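Enquirer: Got a structure for you, written out below as structure tokens; questions coming shortly.
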Amino acid sequence: MEKKYYYRNAIYGGVLILLMFLVYKCRNTENVGDILQTQNEQSYQVYGETQGTTYTVKYVAPKGNNYQIAIDSVLVAFSQSLSTYIPDSEISVFNKMENTDSSIVFQNEFFYPVLKSSKEIFEISEGAFDPTLAPVIRVWGFGEMAEPEKIPSDKIDSLLNFVGFDKYIVFDKTSLKKTKKYIQLNFNAIAQGYAVDVVALFLENKNIKNYMVEIGGEVRANGKNTSGEGWKIGIDKPIEEGQDSTQNDQNNPKRQLQAIVTLNNKSVVTSGNYRKFYIRNGKKYPHTIDPKTGYPVTHTLLSATVLADNAMRADGLGTTCMVLGKDKALALIKKLENTEVFLIYDENGTIKTTMTKGFEDSIEEIK
């Protein structure tokens, strides 16, 4: 009988120790907020490829909820709608249409929102952002072509006759048509940010509140990371490819950072001319093209990092800033609600920065 009580007391003692350990663990994870507060939740990190780049998604969810396959499926459907590199995508079908009396009926939910957001940014930027720039982008070699053509000025002037988001397309929630032959669209300046939003909304529909979605360096984050803090995102120094090969890898710890920003339910997107460009006859041609002139921009702005409520808006405004240049970009963003910007520019060979007050409040560290 004594042995029986001995074993029972030993069991009780073991259970008590276990309970004390669990209480200790819970108390020491209270500062993490809602993240990993129960044994049924875990942290997930999924990786993949999309739109010619890579993606990383980090989130906290109940065990058994690895959404890798579902996220890949969402991104495939997204590309099938908006990628100009897929011959039978919705946007490719529209671009090939020559009959102005016909239209495309949207096959999924992706096309209308990007048109709507593009129209808004086109209007507030007074045409500095224009997705109908597609033929000009292609002829400069920044679209689907492997090599740029030699560009005579009269050809650029001719192509500008097909640029005009407010004149040459008509759309509503269900369909899109062109009002002039040969009008084409290219959403590369906004679609990647939109893809970030699409994945983020997928997670939110799964009742996931703590996540970070990154596609090609464009980020949207909600809630807190597993340390109970806002998500910290690095802003690259504007170093051209070839000067530092680590710059292409968004997850490489050797990346040279200009600043670190903390995201709290925000998106951050950086646009820049220091990576995508080519040199011909000793002259540098950046990939940002001014819709009004048809030529690559030549100002001193190296990169624009926009902080906004969603990544699609941040992406489109980042491109807009690169078209406008430092002073006009700063003036534009200061007029917009819930939008901030961090600009890196070259002043007589010296790299300098400027930013809006709201962005300064989000800076964790500046180098």
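Taken together, the values in this text are just the output of simple stated rules run on the coordinates, not laboratory data. Quick caveat, the model's predicted, so the values are computed rather than measured. Counting neighbours? That spans all protein chains shown, and the Cβs are built from the backbone with ideal geometry, glycine included.
Enquirer: If you keep only loop residues by DSSP, which GluC sites (Glu not before Pro) in segment 86-130 have at most 10 other Cβ atoms within 10 Å of their Cβ? Walk me through the numbers before you get to the answer.
Expert: On the way: sites: Glu90, Glu98, Glu109, Glu120, Glu123, Glu126; in loops: Glu98, Glu109, Glu126.
Taking segment 86-130 and a limit of 10 other Cβ atoms within 10 Å, the loop GluC sites (Glu not before Pro) found are Glu98.
Enquirer: Which of Arg220, Arg313, Arg138 has the fewest other C-beta atoms within 10 Å, and how do the rest follow up to the most?
Expert: If I rank by nearby Cβ atoms, fewest first, I get Arg138, Arg313, Arg220.
Enquirer: Let me ask something additional. Seen from all sides and averaged, what is the projected area of the convex hull of the Cα atoms in segment 71-191, in nm²?
Expert: 7.8
Enquirer: Further, regarding this structure: Going down the table (Lys96/Lys292; Lys96/Lys237; Lys96/Lys119; Lys58/Lys178; Lys209/Lys328), which pairs top 31 Å between alpha carbons?
Expert: Numbers: Lys96/Lys292 24 Å; Lys96/Lys237 39 Å; Lys96/Lys119 22 Å; Lys58/Lys178 40 Å; Lys209/Lys328 36 Å.
The pairs that break the limit, which is 31 Å between Cα atoms, are Lys96/Lys237; Lys58/Lys178; Lys209/Lys328.
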